[in-house]
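Have a look at the structure below before the remarks.
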Amino acid sequence: MGLNLNDKKVVVEEVSAKVATAQTIVVAEYRGIQVSALTKLRANARSQGVYLRVLKNTLARRAVEGTQFAPLAETMVGPLIYSISDDAVAAAKVLSDFSKTNDKLVVKGGNYAGKNLDVAGVNALASIPSREVLIAQLLGVMQAPVSGFARVLAAIAAQKGEGSAAPAEAAAAE
């Protein structure tokens, strides 16, 4: 049974609200995927903070109409699953990782910050480390000079300490 007009308006409003705050939308064809596999994909998307939904293409086109994602409407053909995220990388990463283990999910394209992405662009976006990993790498780079300096000071102190007995040991010997 199809959706009536009011149901369609509710779906368009819900998706429009997600699109308004999104940075990335990725679309993929899901033809032939088993329900159990789609359930795992949805659970993974939920854990990553990605809004994942199968939509009628006409409703999706209306939801992106007038937004930075409007150029994506050209790729909205066929049975598609829409991955929408506020994180720039999460939507692409969820679908790209799943497509590596399930060849029936075919990434068709995406849009990041108003620029359409082809399959290679989506895969490149998915290969970027997550925000947490990038912050950890940055902190590691910032901490390296300080920890190196601390190691040098510790080595100098140890080297100077080798030549003479420690003050506590000297006091005990007397």
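The values are calculated or read from the model by the stated rules, or taken from the named source; none is laboratory data. Predicted model, so just to flag it, every value in this text is computed and none were measured. Here Cβ is always computed from backbone atoms with ideal geometry, including for glycine, and neighbour counts include all displayed protein chains. Heavy atoms of the whole protein, side chains included, go into the accessibility calculation; ligands, DNA and RNA do not. Shrake-Rupley method; radii C 1.70, N 1.55, O 1.52, S 1.80 Å.
Being touching a helix residue (DSSP H, G or I) at 6+ places or on another chain (Cβ under 7 Å), over 22 Å from residue 42 (Cβ atoms) and open to solvent by 50 Å² or more (accessible area, probe 1.4 Å): is that true of residue 116 here? When the stated conditions are applied, residue 116 passes them.
Tally the residues that are β-branched (Val, Ile, Thr), touching a residue at least 60 places away in the same chain (Cβ under 8 Å) and either surrounded by 15 or more Cβ atoms within 10 Å (Cβ to Cβ) or within 13 Å of residue 52 (Cβ to Cβ) (or both), restricting the search to region 1-30.
Residues meeting the conditions: 6.
The criterion of being surrounded by 14 or more Cβ atoms within 10 Å (Cβ to Cβ) and over 11 Å from the mean Cα position of the chain (by Cα) does not hold for residue 89.
Taken over region 98-113, the criterion of being open to solvent by 70 Å² or more (accessible area, probe 1.4 Å) and farther than 21 Å from residue 71 by Cβ is satisfied by 100, 101, 103, 104.
Taking (1) open to solvent by less than 100 Å² (accessible area, probe 1.4 Å); (2) modelled with pLDDT under 85; (3) closer than 23 Å to residue 68 by Cβ in turn, residue 131 satisfies each apart from (1). Do we have any residue at all in region 141-151 that's modelled with pLDDT of 85 or more, loosely packed, with under 11 Cβ neighbours inside 10 Å and among the charged types (D, E, K, R)? Looking through region 141-151, at least one residue is modelled with pLDDT of 85 or more, loosely packed, with under 11 Cβ neighbours inside 10 Å and among the charged types (D, E, K, R). No other residue among 43, 37, 63 is hydrophobic (A, V, I, L, M, F, W, C), in contact with a Leu (Cβ under 9 Å, 6 or more places away or on another chain), more than 18 Å from residue 109 (Cα to Cα) and in a helix (DSSP H, G or I) apart from 37. How do the pairs read when you match residues in region 33-51 that are open to solvent by 80 Å² or more (accessible area, probe 1.4 Å) with residues anywhere that are not hydrophobic (A, V, I, L, M, F, W, C), using Cβ under 8 Å and keeping only pairs 6 or more apart or on different chains? Filtered contacts from region 33-51: 48/85; 48/87; 48/93. Yes or no: region 89-110 includes at least one residue that is among the aliphatic types (A, V, I, L, M) and either modelled with pLDDT under 85 or at positive phi (or both). Looking through region 89-110, none of the residues is among the aliphatic types (A, V, I, L, M) and either modelled with pLDDT under 85 or at positive phi (or both). Yes or no: region 71-84 includes at least one residue that is assigned to a loop (DSSP other than H, G, I, E, B), in contact with a strand residue (DSSP E or B) (Cβ under 9 Å, 6 or more places away or on another chain) and over 29 Å from residue 3 (Cβ atoms). No, because not a single residue in region 71-84 is assigned to a loop (DSSP other than H, G, I, E, B), in contact with a strand residue (DSSP E or B) (Cβ under 9 Å, 6 or more places away or on another chain) and over 29 Å from residue 3 (Cβ atoms).
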